[in-house]
């Protein structure tokens with residue numbers, strides 16, 4: 001186990017760069033923090049490049065043979081991590097994800113709040129969805145805030161990152177998928193008809209909703225009922241309601 005004391009050590013600087021999207025994309029890696037996330041990472045099948053331990057931290061589980069482990073001084077560990085009160089353990093992983101497949105899929109169209117993206121992914125995992133399609137303007141899947149919000153679901157879900165989301169949805173339509181657009185001017189969600197067993201549910205941007213180009217690929221345009229005074233729902237809340245009802249009826 002290598003001990004690193006300086007926050008200016010080249011390895012530390014490389015790991016610190018993973019806090020930024022540019023650094024993650026350049027290195028093809030990302031960093032997760034905390035006991036739960038590290039344990040799930042080690043069991044995920046993804047390549048774990050390193051486990052990082054703060055010098056006063058003693059792991060409560062056995063780290064698999066062959067995984068490089070580094071002991072960092074408190075100062076160096078704080079430089080690498082994003083949380084204000086880190087637990088003392090982190091891991092660096094390659095950004096490889098499982099290829100997208102399945103019949104119950106979610107698509108995010110420019111959902112930009114990291115907390116919403118992570119919560120939606122976590123809810124999709126809990127509801128039994130197979131995978132998530134993230135459009136190019138979404139918050140970065142590998143950002144610290146998104147990762148924390150997924151609570152480990154990133155390691156169980158499959159993902160796709162199309163450069164052209166409308167074209168990707170058109171491809172699913174051609175395969176017989178229903179493409180469901182959630183929008184305020186749609187038909188009542190709970191009265192929907194003719195949704196196939198294979199479907200893609202689209203969740204739109206927090207402020208602007210689903211783009212016109214994405215709406216154009218929808219087979220169904222649906223809205224949740226608003227019986228009170230609120231004009232709209234938080235994106236993650238709306239997604240959760242629709243995902244669970246779709247799975248209940250599938």
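Read-outs: derived from the displayed coordinates by stated rules, not from any lab. Bear in mind the structure is a predicted one, so any value in this text is a computation, not a measurement. Every residue, glycine as well, gets a Cβ built from its backbone with ideal geometry; the counts of neighbours run over all protein chains shown.
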#### Entry: Protection proxy ranking of 49-57, 156-164 - average other beta-carbon atoms within 10 Å, highest first
49-57, 156-164
#### Entry: Neighbour-count order for 36, 24, fewest beta carbons within 10 angstrom listed first
36, 24
### Query
Is segment 104-248 best put as rounded, prolate or oblate by its Cα gyration tensor, with a ≥ b ≥ c the root eigenvalues, rounded for a/c under 1.5, and otherwise prolate when a/b is larger than b/c, oblate when not?
rounded
### Query
Based solely on its DSSP helices, what 222 nm [θ] is calculated for the chain when runs of n ≥ 4 H residues each add -39,500 (n - 2.57) and the sum is averaged over all residues, nearest 500 deg cm²/dmol?
-8500 deg cm²/dmol
### Query
So what is the relative contact order for segment 104-248, in percent, with contacts set as C-alpha pairs under 8 Å and at least six apart?
29
### Task
Based solely on C-alpha atoms, express the radius of gyration and the Dmax of segment 2-94 in angstrom.
12.1, 33
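Any idea what the relative contact order of segment 148-201 is, in percent, if you count C-alpha pairs under 8 Å spaced at least 6 apart? Please report the intermediate quantities before stating the final value.
Numbers: 26 pairs, mean separation 18.1, N = 54.
Dividing the mean separation by the residue count of segment 148-201 yields 33 percent.
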## Note on the structure
Full extension between residue 95 and residue 158 adds, at 0.36 nm per residue less the Cα distance, a length in nm of 21.4 nm
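Given an 8 Å cut-off on Cα distances and at least 6 residues of separation, report the relative contact order of the chain as a percent.
19
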### Query
What ranking, highest mean first, results for peptides 172-178, 225-231, 187-193, 132-138 when packing means the other Cβ atoms within 10 Å averaged over each residue?
132-138, 172-178, 187-193, 225-231
### Message
As a footprinting exposure proxy, order 219, 119, 85 by other Cβ within 10 Å, with the fewest listed first.
### Response
85, 219, 119
### Task
Decide, for the chain, between rounded, prolate and oblate: order the square roots of the alpha carbon gyration tensor eigenvalues as a ≥ b ≥ c, take rounded if a/c falls under 1.5, and otherwise choose prolate if a/b is larger than b/c, else oblate.
prolate
